[in-house]
Each structure stands twice: as C-alpha cells, then as structure tokens.
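Student: Got a structure for you, questions after.
The values are calculated or read from the model by the stated rules, or taken from the named source; none is laboratory data. Keep in mind it's a predicted model, so treat the numbers as computed, not measured. Counting neighbours? That spans all protein chains shown, and the Cβs are built from the backbone with ideal geometry, glycine included.
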Amino acid sequence: MCVYCDLWGDGMIWYLNPKNYPRHMYTLPKKDIAPKAAGGEADPAGYINAERSLVDALEKGPEEFEATLKLLRDGMDLMQGSVGGWMGQAVPLRDAEKMVEIASPKGLIACICRHHMLGREERTRPEMTCMGLGVGMLKWERWPERYKGGVYWVSTEEAKEWLRDLDKKGFMHSLMMFGPRFIGGICNCDYPVCDALAMRLDFGFNMLKGHHVAVVDYDLCNGCGICAQRCQFGALKMGVTQDKANIDQMRCFGCGLCETGCPRGAISLVERAKLPALQEVW
Amino acid sequence: MVDKSQLKIPRPIPVDLTKLPLKLPKIEIDYSKCTVPFWCKKCLQVCPQVVFQVYCKQLVKLRESDPREPGVYQVIAVRRDKCNVCNKCIDVCPEDAITITY
Amino acid sequence: MATNSEKEAKDTAYSLFVAPRPYSFELSAEMLELLRKEFDPPIIITKLAEAVAGKKEAEIDAVAEKILGKYGEEWMKKTLQLGEEYPDRTYEMLKEAADQTGELVFPQVLQRFIEIAYLSTQQFRVLPIVENWAHRLVYKVTNCYTFKTLQEKCGSDVAGLLPCRHACLTLCRTGWEGLNLDAMVKMEATMMKDGYCQFAIDRV
C-alpha cells in the first residue's frame, strides 16, 4: 500500500476508492468579498520556472540542489495537496479500466506535456492522448487555452476502448492528481515527452510507481522481444544468455505494458505488497 | 484521520550528488527574434533530448490564444542538463535566435 | 519543409475557440433567491412547530412525515423546474456530455439539482459530495440550517427525533423520479449520532 493508500485508501487501493474523485459541481461565491479580478490564475510559467531552477541548481552543488528539490516538493504539496511532491502514479491497464468505471464524467483532451515539450497539438479525437475525469471538466471553456482542441465526452465503454488502443500503441498509463483526494485525469505517457515521468526518473518526484511488478514465466517466454520494446523504464531487457525476457523488478514501475504486449501471456503482474523487499520501493 | 508525520513518504534522489556541481551548456534565446515559437516549433521538434518547453504567457478566460500572434507564447530551454550541444536547434531556427555556449 | 500552399492550408484550417457569449458557469443568483424565498427552512419549521405542539412523541413522526414530506416534494419539484429555466454553462455542457455518452443523468444531472436544492436553502457554500459515480451518489449535510431552526423552534427533544429527515428523503426520491430514474435512498449517518447527515442514493 502506497502513501496515498495509507492516507486516503480506507483499506483499499486509493485510486479504486470512489471518494478520491472530483465531487461537487458548484461553489457559491463568498458573500461580502468582491470576485477575483481577471487573470487571477496561477502564473502559467510557475511550474516550468521551478523545473528550470532545479536544473540551474545542478550547476551550484549538492546542498543547493537538495534545497531546491525540497522547495519544489513542498511547493507542490502546498499548491496541489500532494504529499512529498507525488502528483501521479503508474497504473496498469486493468486498473485504468476500473478507474473509468468510477470516474464520471470522462472527456478526452489534449496532453499538456506534449503541448509544452513538443509544441504538439491534439485537436481531433483520434489525436487526443489524455483523459480528464470529473465534474470540473464541464467548465473547460473557462480556460480554453489549457484545453486547446476542446473535450470529447466518452462513455465508460468508449473510454476503455480508447485506453486499450493507446496501450496497444505502447503508451504507459498513469493517474494525475489535482488537489488532495482528487484524481483528475488518466495520462498516457512516454519518456521524455511526459514531464511527470521525466521528473520522476531524473529527479525523483511527481510519479509514484504502481501497485504491481511484472514477472516472467520462463516456460512460456519464447524470447520474441516484443516486451523489451514496450518498457519505458529500462527495467526489461532480453536476457541474452537465456534468450528470454529479463525484468529488473527494482526498476519496474508496474505499468503492465509488457504484460499486455506479450502474445503468449508469459508475463503477469503480481502485487508489490506480496514481495517483501519491494513493498517500500515506490 | 491519518497522522501525516507518521507516513512513509518516498523521497528518492536519482541524481548523483557527489558529481555536483555539473557543468551545463548555457542556452540563450533572443526573444526579440523568436516571437511565434508555438507556430514555428522547429526547435521543439528537432531536439532529441527534449530540452525546450513552450508555454502560453497569458491565459485568457473564455478565449484560446493565437499562436500566430507575436509574443503570446515563449520557448524556454528548461532541461539544459540533457543538452548534448548537437546544435541542431541552432541549425533549424529560422530566426537565428538560439545561442549555446559550453 | 512545408511548401507555401501547405502552410496556407494549415493557416486557414486553424480555428481558435472563442466563447460565443460571456458564459457563466455558476448557479444563477436569481434562481437561488426564488427558491430560498419559497423554501427557507424557518417557514416550514414554524408550520411544523404549530402542528406538533402538545403532541406525543409517537405522533410527531407521522405529522412530520406528512408536512415535511410534502415540503420535500415541492422543494425538489420547484428545483427541477427552476433548474431547467435558469441553466448555467456547466449544465449546458453536462447535457451535451450526457447526450454524447448516453450516461451521466445518474449521477451528475441528479447531483446538480440536489446541489441547487441545498445551496438555495442552507447557509453553506458547497454541498459536500462524498461519492458520485455510475451506481452511487452520496452526499453529506453538515451544519444543517433546517436542523438548527428545528432545535430553536421545537426544542432539542423534537429535533432529536430528526423529523426533518423526511424532507431530505422525499427530496431525493422526487429528484430521481423527476429524471425518470430508479433508485433507493438510505441514511448512512445521522445528525444525532454522527454530527452530520449522510444520504446515499443507489441506482437500481
């Protein structure tokens, strides 16, 4: 059980607990207080500048770097209600499918990371690689610049189909949190275009590992190598000696891409909690 | 309610602290030349290390910003730590706005 | 390299979203005021206080069920009517999404009307929704204005019987019936035991 399960799980995996999804639709304005002036939104460059300062700190020395990292993690906790700067978590396809059964409404949107990192625009439904969850999405027209391309509403079945399609292509699924107890989206990522993954792998915050790790059944594996192309984390390679897939479970994020890609069903996901030495490896 | 101070919060640091400080390339962008980066996006797409990021400087309520309008978007070299000074971005920039020193 | 004609084609096909009118995503203040005028808790609780004056404990609940049950029904009927007459952009988008997906009447459309009903008559600014998904809508009422008024006008003994629950329960029932849904409502927490009321609507 991860830190968010301890905090908000109520005994279950936290992202399968319906209490952790967006909830109320309306907030009445405060009486006696004038509405916020236009442009009251957070500085759009805020997060990018924080990342930049982290990179700058690499030039200054270990103390400065650690202090900047702490500042960034604490800042995210303050702004987003996260804990330790953990905004997201890797989620295997099977759990992502359960998540779309819980979350409503669901809308396909453009990926903000691909927008920032590649200048990529996703303006039509087949291009869209991100899914927003919950009632806040109904108000997307407030900030159309963020959504560039709008929202395509999907039913639970359509959402699952869309997830399976992206899984086939090799995107890893993750959830994103926007505020405490508030799962706001399912991302489909790849390094280094996904900012959350890049921050995790390079600097150690933003995306937690998932609740599973992958294991190979050596009797079933025929060494075809498809899984090795799908691993985003350098955790899975072809073991040359045995001519079979080899997984470094310390590195495995439990995204399950190797499992869904294996044509022979030779890879399965086991719960992290069942492997004593991996229980605390997040 | 769970006591937050009792939580086991993972705090890995994948950076090798013993190797700091690092020497990183300096990447400068002349914003008087680079005015419509989201419309051009050549440096963003050519960089093998995804060093650059582009963002909209001013979000406006109820209206999408026009990337063809000068000054609406800005490109920043965020991940200088990953830059290998291949200079592809300099070659591809139509405005000669990028300089890299190492 | 894109040729000039390709560039022009990209240019002309590029359309930017601009809201066709200044959208409001919030509930209409006028609608909330209309509902408050008619269903302000002190009005109905005064009526209840007169009706239960001098009655025995056993009779109070039956009287409350009749008076507050009717109140709850009218409260939701009017909410359903005014909620349609005063749409906000959030609701328009919700209806669009519901049309596109064939889902969302439960829970979100029902949730909207329940939020309106409480926000118009209570003193809080947010109705805490605990769960809202395809099979279940759960919400909480803390710092209930109706309960407070009840305590003031009828005393703690009558308030302790929680006669006001009939209003909330019929409110929920009228809500899903008005939207042609089938559901069940259960009280998962009560003011007396937990310090707040929690209503769980399960779709059947």
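Student: Let me confirm something: among A:G149, A:G132, A:G75, which residue is closer than 28 Å to A:R23 by Cβ and not assigned by TED's automatic domain parsing to the domain that holds A:V193?
Tutor: Every option except A:G75 fails the conditions.
Student: So, one more: So, B:K57, is that one at the interface with chain A (Cβ under 10 Å from one of its Cβ atoms), under 27 Å from A:D43 (Cα atoms) and out of contact with any helix residue (DSSP H, G or I) (no Cβ under 9 Å at 6 or more places or on another chain) or not? Give the derivation first.
Tutor: On the way: at the interface with chain A (Cβ under 10 Å from one of its Cβ atoms): yes; under 27 Å from A:D43 (Cα atoms): yes; out of contact with any helix residue (DSSP H, G or I) (no Cβ under 9 Å at 6 or more places or on another chain): yes.
Considered against the rule, which asks whether it is at the interface with chain A (Cβ under 10 Å from one of its Cβ atoms), under 27 Å from A:D43 (Cα atoms) and out of contact with any helix residue (DSSP H, G or I) (no Cβ under 9 Å at 6 or more places or on another chain), B:K57 comes out as yes.
Student: Would you confirm, using the coordinates I've provided, whether B:F52 is within 7 Å of another protein chain (Cβ to nearest Cβ) and closer than 25 Å to A:G46 by Cα? Give the derivation first.
Tutor: Details: within 7 Å of another protein chain (Cβ to nearest Cβ): no; closer than 25 Å to A:G46 by Cα: yes.
Considered against the rule, which asks whether it is within 7 Å of another protein chain (Cβ to nearest Cβ) and closer than 25 Å to A:G46 by Cα, B:F52 comes out as no.
Student: Which ranges mark the helices (runs of 4 or more DSSP H) fully within segment C:54-131 that have 3 or more residues being of a type in the set (S, T, Y) and within 24 Å of C:C144 (Cβ to Cβ)?
Tutor: Numbers: elements: C:57-85, C:89-101, C:110-121.
Of the helices (runs of 4 or more DSSP H) lying wholly inside segment C:54-131, those with at least 3 residues that are of a type in the set (S, T, Y) and within 24 Å of C:C144 (Cβ to Cβ) span C:110-121.
Student: Against the definition (acidic (D, E) and under 24 Å from A:D77 (Cβ atoms)), how does A:D165 come out, yes or no?
Tutor: Answer is no for this residue.
Student: Collect the residues in segment B:14-54 that are more than 23 Å from A:D190 (Cβ to Cβ), among the aliphatic types (A, V, I, L, M) and either touching a helix residue (DSSP H, G or I) at 6+ places or on another chain (Cβ under 8 Å) or part of a helix (DSSP H, G or I) (or both), keeping them in residue-number order.
Tutor: Those that are more than 23 Å from A:D190 (Cβ to Cβ), among the aliphatic types (A, V, I, L, M) and either touching a helix residue (DSSP H, G or I) at 6+ places or on another chain (Cβ under 8 Å) or part of a helix (DSSP H, G or I) (or both): B:L17, B:L20, B:L22, B:L24, B:I27.
Student: Also, quick follow-up: Run A:Y26 past the list (1) hydroxyl-bearing (S, T, Y); (2) at pLDDT below 95; (3) in contact with a Leu (Cβ under 6 Å, 6 or more places away or on another chain) and report the number of the one that doesn't hold.
Tutor: Condition (2) is where A:Y26 drops out.
Student: Out of everything in segment A:102-149 that is assigned to a loop (DSSP other than H, G, I, E, B) and free of Cβ contacts under 8 Å to residues at least 24 places away in the same chain, what residue ends up being farthest from the other protein chains (Cβ to nearest Cβ)?
Tutor: In the first step, residues of segment A:102-149 are kept if they are assigned to a loop (DSSP other than H, G, I, E, B); the result is A:103-105, A:110-111, A:119-124, A:128-129, A:134, A:143, A:148-149.
Now narrow it down to the ones that are free of Cβ contacts under 8 Å to residues at least 24 places away in the same chain: A:119-120.
Details: A:G119: 3, A:R120: 8 Å.
Among residues in segment A:102-149 that are assigned to a loop (DSSP other than H, G, I, E, B) and free of Cβ contacts under 8 Å to residues at least 24 places away in the same chain, the one farthest from the other protein chains (Cβ to nearest Cβ) is A:R120.
Student: Counting only residues that are in a strand (DSSP E or B) and either without any contact (Cβ under 8 Å) to a residue 60 or more places away in the chain or closer than 20 Å to A:C113 by Cβ (or both), which one in segment A:51-99 is farthest from the chain's Cα centre (by Cα)? If you could, list the steps in order and put the result at the bottom.
Tutor: Quick first cut of segment A:51-99, residues in a strand (DSSP E or B) only: A:83, A:86-90.
Of the ones still in play, those that are also either without any contact (Cβ under 8 Å) to a residue 60 or more places away in the chain or closer than 20 Å to A:C113 by Cβ (or both) are A:86-90.
Numbers: A:W86: 10, A:M87: 8, A:G88: 5, A:Q89: 5, A:A90: 5 Å.
Here the residue is A:W86.
Student: Hey, another quick one. With aliphatic (A, V, I, L, M), within 21 Å of A:L133 (Cβ to Cβ), in contact with a Ser or Thr (Cβ under 7 Å, 6 or more places away or on another chain) and free of Cβ contacts under 8 Å to residues at least 40 places away in the same chain as the only criterion, which of C:L127, C:L104 stands out? Don't jump to the end; show me each part of the working.
Tutor: Values: C:L127 fails: in contact with a Ser or Thr (Cβ under 7 Å, 6 or more places away or on another chain).
Only one candidate qualifies: C:L104.
Student: Also: Within segment B:1-41, how many residues turn out to be within 13 Å of the chain's Cα centre (by Cα) and either buried (at least 17 other Cβ atoms within 10 Å of the Cβ) or at the interface with chain A (Cβ under 7 Å from one of its Cβ atoms) (or both)?
Tutor: Of the residues in that region, 5 qualify.
Student: Could you tell me which numbered condition C:E152 fails, if it satisfies all but one of (1) under 16 Å from the mean Cα position of the chain (by Cα); (2) surrounded by fewer than 18 Cβ atoms within 10 Å (Cβ to Cβ)?
Tutor: (1)
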